[in-house]
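Contents: one structure, followed by commentary.
Please treat every number below as a calculation from the coordinates, not as lab data. Only a predicted model underlies this, so the values are computations on that prediction, with no experimental measurement involved.
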């Protein structure tokens, strides 16, 4: 299963990046399908269709496997974007 293999490699890459643990957990929570715990393989993996769409828009081909480096880049972007958005919200309150 490609998704499980990618998840395993990504988790291994994240293990040495504690600065991305929060972003990784946040994205895992957002992308996990409803009632993921009731379906094999009992892991909060994103839906196959969602991953195919993301791979198609990233690489132009659904047969290509995502690269761990691209996932790490996405998590860095997500962390930075949410940090910037939170900072902007705080400025508006002042």
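Would you mind checking the tilt of helix 48-59 against the longest principal axis of the Cα atoms of the chain, expressed as 0 to 90 degrees and rounded to 10?
70
Could you calculate the contour length gain from residue 68 to residue 26, that is, 0.36 nm times the residue separation minus the distance between their Cα atoms, to one decimal place in nm?
13.4 nm
Return one number: the angle in degrees, 0 to 90 and rounded to the nearest 10, between the long axis of the Cα atoms of helix 2-15 and the longest principal axis of the Cα atoms of the chain.
Long axis of 2-15 versus the principal axis of the chain: about 40 degrees.
Shape verdict for the chain, please, from the Cα gyration tensor: rounded (a/c under 1.5), prolate (a/b greater than b/c) or oblate.
Taking the square roots of the gyration eigenvalues as a ≥ b ≥ c, the chain is prolate.
Can you give the Kirkwood hydrodynamic radius of region 20-71 from its Cα pairs, in Å with one decimal?
Final number for the Kirkwood radius of region 20-71 is 12.1 Å.
On a 0 to 90° scale, report how tilted helix 21-31 is relative to the longest principal axis of the chain, with both axes built from alpha carbons and the result rounded to the nearest 10.
60
Once every DSSP H run of n ≥ 4 in the chain is given -39500 (n - 2.57) and the sum is divided by its residues, what mean residue ellipticity at 222 nm do you get, rounded to the nearest 500 deg cm²/dmol?
-22000 deg cm²/dmol
Taking Cα pairs under 8 Å and at least six residues apart, what relative contact order does the chain come out at, in percent?
31
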